[in-house]
Amino acid sequence: MPVPSATLRHLSESLLYALKYPIARPMIEFFEPQWALTTHSIASGQEDYEVVHNRPDRISMYRHVLEKEWIDRDSYNAAYDTADYFYPRHGRDA
């Protein structure tokens with residue numbers, strides 16, 4: 001069973017992140033500390049960087065993002081996996 005205080009803390013952090021970084025809106029889920037899943041993309045507000053869901057080369061882009069030194073890999077992987085579930089790939093990499 002979820003712990004109410006942890007749920008409220010996560011909601012609070014998600015809202016603050018979305019307020020601070022417009023690129024993270026409209027947010028579906030926040031993957032601490034760096035990535036937000038939006039209706040349009042996976043976005044990092046700190047770096048003003050996003051990967052849109054409808055890219056035909058999403059797997060190639062996934063590898064490209066993992067090469068960046070500044071990313072938090074755990075939160076990116078969680079955001080990517082969730083995006084892959086809600087927004088299935090189409091195109092070259094499908």
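The values are calculated or read from the model by the stated rules, or taken from the named source; none is laboratory data. Model, not experiment: these values are computed from the prediction. Glycine also receives a Cβ, built like all others from the backbone with ideal geometry; neighbour counts cover every protein chain displayed.
Counting only residues that are of a type in the set (A, V, I, L, M) and surrounded by 15 or more Cβ atoms within 10 Å (Cβ to Cβ), which one in region 60-94 is farthest from Ala24 (Cα to Cα)? Quick ask: steps written out before the conclusion?
Quick first cut of region 60-94, residues of a type in the set (A, V, I, L, M) only: 61, 65-66, 71, 78-79, 83, 94.
When the remaining residues are screened for being surrounded by 15 or more Cβ atoms within 10 Å (Cβ to Cβ), the result is 61, 65, 71, 78-79, 83.
Numbers: Met61: 19, Val65: 17, Ile71: 16, Ala78: 16, Ala79: 12, Ala83: 14 Å.
Here the residue is Met61.
Could you tell me whether region 53-68 includes any residue that is in contact with a Ser or Thr (Cβ under 7 Å, 6 or more places away or on another chain) and not hydroxyl-bearing (Ser, Thr, Tyr)? Can you show your working first?
Taking region 53-68 as the starting set, the residues that turn out to be in contact with a Ser or Thr (Cβ under 7 Å, 6 or more places away or on another chain) are 53.
Filter once more, so that each one left must be not hydroxyl-bearing (Ser, Thr, Tyr): 53.
Checked region 53-68: at least one residue is in contact with a Ser or Thr (Cβ under 7 Å, 6 or more places away or on another chain) and not hydroxyl-bearing (Ser, Thr, Tyr).
Restricted to region 31-58, and to residues that are surrounded by 14 or more Cβ atoms within 10 Å (Cβ to Cβ) and among the polar types (S, T, N, Q), which residue is modelled with the lowest pLDDT?
Looking at residues that are surrounded by 14 or more Cβ atoms within 10 Å (Cβ to Cβ) and among the polar types (S, T, N, Q), I get Gln46.
If I go through region 3-21 residue by residue, how many of them are in contact (Cβ under 8 Å) with a residue 12 or more places away in the chain and not small (Gly, Ala, Ser)?
Looking only at that region, the number is 5.
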